[in-house]
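Engineer: The structure follows.
Quick note: the coordinates plus some simple rules give every number you see, no bench work behind them. None of the values given here were measured: they were computed from a predicted structure. Please note: Cβ atoms are built from the backbone with ideal geometry, for glycine as well, and neighbour counts cover all protein chains shown.
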Amino acid sequence: MIPVTKPHLPDKDKYKSYIDRIYDSGFVTNNGPLVRELEERLADFLGVENIILVANGTLALHTSIKAMSLAGQVITTPFSFAATSTCLKWEGLNPVYADINKSTLNIAPQEIEPLITDHTSAILPVHVFGNPCDTLTIEKMARSNGLRVIYDAAHAFDVTIGGRNVLTYGDVSTLSFHATKLFHTVEGGAIITQDSEMASNIRSMINFGLNADRIQQPNGTNAKMNEFEAAMGLCVLDEYQNIKEARRNIWSVYRDALSCHVDFQELHDDATPNYSYAPILLKTPKERELVMQALLEQGIQPRRYFHPSLNTVFESPQSSECPISEQTADRIICLPIYSTLRVDEVRNIARIVKQAIGR
Ligand SMILES: *Cc1c(COP(=O)(O)O)cnc(C)c1O
């Protein structure tokens, strides 16, 4: 069986040495020493000023939305994982869907502008598969309309645009460190903001709104990362360059083998890819079905990321039509990519794909 992804399990002895530290200190959660160490190392590695580690990527979104007191409508992309929309619904906000660009697969800025009304409070784009959005256009639009910008950057660990980390754009960016993501802490996530006051507020929010045992603010919740998760993150971070290199290799084997046969996501000119996913776009839904079948017959499990288009799931009368997102959802699949996948297995997967579409 070859799954679409496998969590990277770091060196066991190193993980055990961190577990020993936890047993020695007795500190298992509540902003313990390993969470603080991981925060510092990530801030340094990513080149960001404020990073707050949390329990998962979904809570990172919830907490950010609350921290900015958003209300009414939020313009977002229909081509994403369910969490991008459910966090809005859960916070009593209405997602308003703007269609995507058919090449970059990110929210199309020119589709956003006509949807802005007096009820709009923010824009929530996703850097889909780690490919950065058109941040400059989106933020210019947000500024001139008094809107906040939250990037769901769940896929965009270690991505830079012209040398600047993509997480430094917008009011807030959120990461997911779920086991299936490029860098992981089993379950986990992070909130990144350039605004130190907001960062301090968020730090208190994720711990019941407390600050030095006083209630600093009323929107408290429990979104803390624990020490065992931070230990995993510290070990995975040590091996990150090897993880990325292995994935880069796999990604380029797919590209070389399939570039004449399928379409690929168009990547941002000035950005560094992180090889977090291996999406391919088939010409038609029928072709996509044939490829899925052929792979499944051989014990290979591609995933339909993202399917279905979220505008077909969550009611949103204020949205425009999203034909590009719906068509994309019908013809895209993500091929297996993970650090221990062998190159001969990758070549075999590419061969099955080509055969299935008869080329
Ligand atoms: C994984 C993911 C999330 C949710 O992150 P969790 O850590 O699983 O809660 C949110 N948005 C996108 C785009 C994701 O891929």
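Engineer: Dimensions of the range 261-349 along principal axes (Cα, Å, largest first)?
Structural biologist: 48, 36, 23
Engineer: Take the chain, compute every pairwise Cα distance, and split them into 10 Å bins from 0; I just need the percent in each bin.
Structural biologist: Computed distribution, short to long bins: 5, 24, 32, 25, 11, 2, 0.
Engineer: List the DSSP H helices in the chain whose Cα atoms stretch 24 Å or more along the helix axis and whose mean Kyte-Doolittle hydropathy is at least 1.6.
Structural biologist: Numbers: long enough: 240-258 (27 Å, -0.98).
Both cut-offs are met by no helix.
Engineer: Rounded, prolate or oblate: pick one for the range 167-213, where a ≥ b ≥ c are the square roots of the eigenvalues of its C-alpha gyration tensor, a/c under 1.5 means rounded, and failing that, prolate if a/b is larger than b/c, else oblate. Can you show the working numbers first?
Structural biologist: Details: a/c = 4.02, a/b = 1.38, b/c = 2.92.
It is oblate, given that a/c is not under 1.5 and a/b is not larger than b/c.
Engineer: For K283, list the aspartates and glutamates whose Cα falls under 17 Å from its own Cα; do not include residues on the same chain fewer than 8 positions away.
Structural biologist: D263, E266, E326, D330
Engineer: In percent, how large is the relative contact order of the range 96-230, given Cα pairs closer than 8 Å and 6 or more residues apart? Don't skip to the answer; put the middle values down first.
Structural biologist: On the way: 217 pairs, mean separation 18.7, N = 135.
Relative contact order of the range 96-230: 14 percent.
Engineer: Right, here's the next one. So who's got an amide H within less than 5 Å of the one on N106, skipping anything under 5 residues away but keeping other chains? H placed 1.01 Å off N, in plane.
Structural biologist: N101
Engineer: Summing -39500 (n - 2.57) over the DSSP H runs of n ≥ 4 in the chain and dividing by its residue number, what mean residue ellipticity at 222 nm do you reach, to the nearest 500 deg cm²/dmol? It would help to have the intermediate numbers written out before the result.
Structural biologist: Values: 12 runs with 138 residues, N = 359.
So the helix-based figure for the chain works out to -12000 deg cm²/dmol.
Engineer: Longer than 27 Å from Cα to Cα, which of K66/K102; K12/K224; K16/K66 are they? Say none if no pair is.
Structural biologist: Working: K66/K102 32 Å; K12/K224 24 Å; K16/K66 37 Å.
Beyond 27 Å between Cα atoms: K66/K102; K16/K66.
Engineer: With +1 on the Cβ of every Lys and Arg and -1 on the Cβ of every Asp and Glu, and nothing else charged, how large is the dipole of the chain about its Cα centre, in debye rounded to the nearest 20? Mind dumping the intermediate values first?
Structural biologist: On the way: 33 positive and 42 negative charges, 171 e Å.
With only Lys, Arg, Asp and Glu charged at Cβ, the dipole is about 820 debye.
Engineer: Still on this structure: Determine the distance separating the Cα centre of the range 1-54 from the Cα centre of the range 264-290; give it in Å without decimals.
Structural biologist: With the range 1-54 and the range 264-290 each reduced to a Cα centre, they are spaced 31 Å.
Engineer: What is the range 39-114 by shape, rounded, prolate or oblate, if you read a ≥ b ≥ c off the alpha carbon gyration tensor as root eigenvalues and call it rounded for a/c under 1.5, prolate for a/b larger than b/c, and oblate otherwise?
Structural biologist: Numbers: a/c = 2.22, a/b = 1.41, b/c = 1.57.
Oblate, because a/c is 1.5 or more while a/b does not exceed b/c.
Engineer: Can you check what the net charge comes to around A179, using other residues whose Cβ is under 13 Å from the Cβ of A179 (Lys, Arg +1; Asp, Glu -1)? Don't skip to the end; give the middle numbers.
Structural biologist: Working: positive: K6, K181; negative: E187, E229.
Residues near A179 contribute 0 overall.
Engineer: Collect residues whose amide H, placed 1.01 Å from N in the peptide plane, falls under 5 Å from the amide H of I161; neighbours closer than 5 in sequence don't count.
Structural biologist: V166
Engineer: Normalising by the residue count of the chain, find the relative contact order in percent from Cα pairs under 8 Å and 6+ residues apart.
Structural biologist: Details: 733 pairs, mean separation 86.7, N = 359.
Computed value for the chain: 24 percent relative contact order.
Engineer: Relative contact order for the range 187-304: what percent, with Cα pairs under 8 Å and sequence separation of 6 or more? Please report the intermediate quantities before stating the final value.
Structural biologist: Values: 72 pairs, mean separation 15.6, N = 118.
Relative contact order here is 13 percent.
Engineer: Give me the extension gain from E321 to Q194: residue separation times 0.36 nm, minus the current Cα-Cα distance, reported in nm with one decimal.
Structural biologist: Residue separation times 0.36 nm, minus the Cα-Cα distance, leaves 42.3 nm.
Engineer: If Lys and Arg each add +1 and Asp and Glu each add -1, what is the summed charge of the other residues whose beta carbon sits under 9 Å from the beta carbon of R288? Before the final figure, lay out each step's value.
Structural biologist: Values: positive: K283, K286, R304, R331; negative: E287, E289, D330.
Once positives and negatives cancel, what remains is +1.
Engineer: What is the local net charge at R203, summed over the other residues whose Cβ is closer than 13 Å to its Cβ (Lys, Arg +1; Asp, Glu -1)?
Structural biologist: Details: positive: R36, K224; negative: E39, D195, E197.
Its environment carries a net charge of -1.
Engineer: Here's another thing I want to ask about it. At 0.36 nm per residue, and after removing the present C-alpha to C-alpha distance, how many nm does the segment from D24 to K283 gain when stretched out fully?
Structural biologist: 87.5 nm
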